[in-house]
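First up is the structure itself, then whatever we jot down about it.
Each reported figure results from applying straightforward, stated rules to the coordinates on display, with no laboratory input. Treat the numbers as computed from the prediction; the structure is a model and nothing was measured. Note that we place each Cβ from the backbone using ideal geometry, even for glycine, and neighbour counts take in every protein chain shown.
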There are 2 protein chains.
Amino acid sequence: MLADDPLGAHRESPADLTPYRTAFARIDGDPNQHLVVAVRDGRTVGTLHLTVIPGLSRRGAARSLIEAVRIHADARATGLGTRLIEWAIAESRRQDCVLVQLTSDATRVDAHRFYERLGFEASHLGFKMAL
Amino acid sequence: MLADDPLGAHRESPADLTPYRTAFARIDGDPNQHLVVAVRDGRTVGTLHLTVIPGLSRRGAARSLIEAVRIHADARATGLGTRLIEWAIAESRRQDCVLVQLTSDATRVDAHRFYERLGFEASHLGFKMAL
């Protein structure tokens, strides 16, 4: 699913899973990382990665960051994306986060409408720098 | 400095430091959190919080997130912000992050120019939801 995406097609290498396995072990060993996978009829059809980030601002509040939201092409428009995001919001609340945040590529207009329908506000600009 | 800010004035409580001390201990105990403080003549004049986030996408690459960039009013326009961000970029590279990212409130136009001068691209929208 990471590679089956207009933006992801050129930055993944599904033929060699070694770097993904190493990264998975690192995520799995960190209590602030929550990688959820949606499985339907034995097939993985969705992913979401939630990171809980402790912080000093807002009276020492934690926030959470949503990354890696991917829905398999066969499972789009089934409400699965909504269920994944709603899980992330509920889990963030459960962990006493005061804020949940994500960035969405400026070209993903459908995604922006999706997040706004779920109650997110596009209040910020998301700045990135490739290293 | 958190409270001495148009956006922060109403969401901090400097009179009671207990929640900040609890949050500091949590940050201090997490190897992915890096809280840097700039001190000049014995006074704290700047802060930056860098979080390293392991991930599966982009061939299992880590990314980093910059939060809590604050410069004391007395130390603005001295190049300190640039030095803090440049430290964060260098540290992210040192930790093999392929991407460094941050969000900036849409109203902070001066901050946007600052980040663009340093090489960031406002390629994303930043969505937030208060919990």
**OP:** Filter the trypsin sites (Lys or Arg not before Pro) in the stretch A:62-102 down to the DSSP loop ones having no more than 16 other Cβ atoms within 10 Å, then list what survives.
**Re:** A:Arg76
Subject >> Ascending list, in nanometres, of distances separating the A:Thr107 label from those of the other copies (7 Å, Cα toward Cβ) >> reply: 3.2
Original post:
Relative to the longest principal Cα axis of chain B, at what angle does helix B:18-28 sit, 0 to 90 degrees, rounded to 10?
Top reply: 30
**OP:** With the Cα gyration tensor of the stretch B:32-117 in hand, give its eigenvalues times 5 under a square root as the equivalent ellipsoid semi-axes, listed largest first in whole angstrom.
**Re:** 25, 15, 10
Original post:
Between B and A, which B residue has the Cβ nearest their rotation axis, distance in Å?
Top reply: B:Gly126, 2
Subject >> Diffusion coefficient, µm² s⁻¹, Stokes-Einstein with Kirkwood Rh over alpha-carbon pairs of the protein assembly as shown at 4 °C and 1.567 mPa s >> reply: 67
Original post:
For the stretch B:21-116, which chymotrypsin sites (Phe, Trp or Tyr not before Pro) are both in a DSSP coil and crowded by at most 16 other Cβ atoms within 10 Å?
Top reply: none
Subject >> Inter-copy spacing of A:Gly42 label points, which lie 7 Å from Cα along Cα→Cβ, given in nm from shortest upward >> reply: 7.2
Subject >> Listed residue (B:Ile89, B:Ala61, B:Ala38) projecting farthest to the positive dipole end of the stretch B:32-117, Cβ model >> reply: B:Ala61
**OP:** Treating only the Cβ atoms of Lys and Arg (+1) and Asp and Glu (-1) as charged, compute the dipole magnitude of the stretch A:57-131 about its Cα centre; round to the nearest 20 debye.
**Re:** 160
Original post:
Using +1 on the beta carbon of Lys and Arg, -1 on that of Asp and Glu, and nothing else charged, what's the dipole of the protein assembly as shown about the Cα centre, debye to 20?
Top reply: 20
**OP:** Using the 7 Å Cα-to-Cβ label point, sort the distances from B:Asp96 to its equivalents in the other copies shortest first and give them in nm to one decimal.
**Re:** 3.4
**OP:** Evaluate peptide B:98-104: per residue, the Cβ atoms of other protein chains within 10 Å of its Cβ; return the mean as an integer.
**Re:** 6
Original post:
Given charges of +1 on the Cβ of Lys and Arg and -1 on the Cβ of Asp and Glu, with all other atoms neutral, how large is the dipole of chain B about its Cα centre, in debye to the nearest 20?
Top reply: 320
Original post:
In degrees between 0 and 90, to the nearest 10, how far off the longest principal axis of chain B does helix B:80-94 point, with axes built from Cα atoms?
Top reply: 30
